[in-house]
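Asks: Before we start, here is the structure in question, set down as structure tokens.
Rule-based calculations on the coordinates, nothing more; no lab input. Keep in mind the model is a prediction, meaning the values are calculated, not measured. Note: ideal-geometry Cβ built from the backbone for every residue, glycine included; neighbour counts use all protein chains shown.
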Amino acid sequence: MYIKKMSLFTKTKEEEEAEKKNQKICIVSIQSGQPYDTSEQPNTHTCYYVNINFQQMKELYKVIKNDTESENQIFKNIVHHIKDRDTIVFFDFKCCSDCQAGATFLDEDKTLTVFKMINTLTRKHCNIVVGDHSMASLFNHWDRHKMDFKSPIKIHDETTSGPFRMTGKKEDFMASDYPVLKNLGDLSADNKIQIQFENMGGTKVFSINRDVKVDVKVISKGIPLSGRSHDQKENPVHCEFNYRKGKIIVSQTHWCNLTNVNSNVDVHKIRREFSTQYGEDCANQFEVEYTSAVRSGNKERVNRVVSESVRQICSATPATFIIQKKPTPKQEENKLKLGGYDNNLGGYDNNIDDNKYV
Ligand SMILES: [Zn+2]
């Protein structure tokens, strides 16, 4: 007799609706060849993802600022997405060795260009993302005269490392436009999100300058779990504020350092993320691992499978995408429309020499 296998995973109407929504995201990641923050996280909404280095950023700045025609296909693509008002564009300054441990962006000249770039981009509705060392390089050099107001973010002299606990509310994460924050809120089954990180040595700490009249929305807070906990206080981990016609999104830590998710996560949504980001084989693999962990009755094992999955979803590296991700029909369509840029990821393009600095 045939017995229908009961599956823990069936799609809800709400999930199917969410998949249909056609929100387009373009992410330009600025980094050296070796980022400390390896989180990339393109998803089905990502119509274009590209890595460029700081020298290329300088050239791109001239193209955008002067609105000149560029021969460079990558620059052409970026300009195209900036002009397309249906696409949300993020310029993600990655924490990498070029951030000089939070002192400058490579050198004085590049640091100045970063600020000019931010001013130009945010006037064109683009968003800026910084984290850890790039966050420190940005706010340590923030000039109140050029940027219109004093830095709303204060970088502390002391740093943090090791086990670290972050807490925040689902609704605050969901309210962000930034895909990683939004997705995490969406994945969470509890209203209170609690995640443990193993922060790298020298991870920056910041607080909000409340004397600056800028509405900074704090999304999460965190505290180190080891050491002299009695004299350690909670500081913001994720926050964002409006700047010109865009947003500046700030993260103190990196998703690649996530070790444990202590709050409940919606496993159907994890499966859905794997399916949309990596394809059905990967989603099935998660389903098998999760189901087997649940059936073993070992709660720690279940938590480990869930935590590792959330880390992978939040901080996917390009290698895993190149192996596993197939372009969605929408990406194929965009690829054809734009012409020129081509690889099996339909817009994912990292064939750039990252090590050439002039
Ligand atoms: Zn870092």
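Asks: Longer than 18 Å from Cα to Cα, which of Lys170/Lys233; Lys150/Lys204; Lys204/Lys247; Lys169/Lys221; Lys221/Lys245; Lys182/Lys269 are they? Say none if no pair is.
Replies: Values: Lys170/Lys233 22 Å; Lys150/Lys204 20 Å; Lys204/Lys247 21 Å; Lys169/Lys221 10 Å; Lys221/Lys245 26 Å; Lys182/Lys269 13 Å.
Flagged as over cut-off: Lys170/Lys233; Lys150/Lys204; Lys204/Lys247; Lys221/Lys245.
Asks: Separate question: Lys/Arg Cβ at +1, Asp/Glu Cβ at -1, dipole of segment 7-334 taken about the Cα centre: which of Cys96, Thr259, Met166 is farthest positive-ward?
Replies: Met166
Asks: Next question. Is there a quick way to get the dipole size of segment 60-156? I mean about its Cα centre, with the Cβ of Lys and Arg at +1 and of Asp and Glu at -1; what is the value in debye to the nearest 20? Don't jump to the answer; show the numbers that get you there.
Replies: Working: 14 positive and 13 negative charges, 72 e Å.
Roughly 340 debye for segment 60-156.
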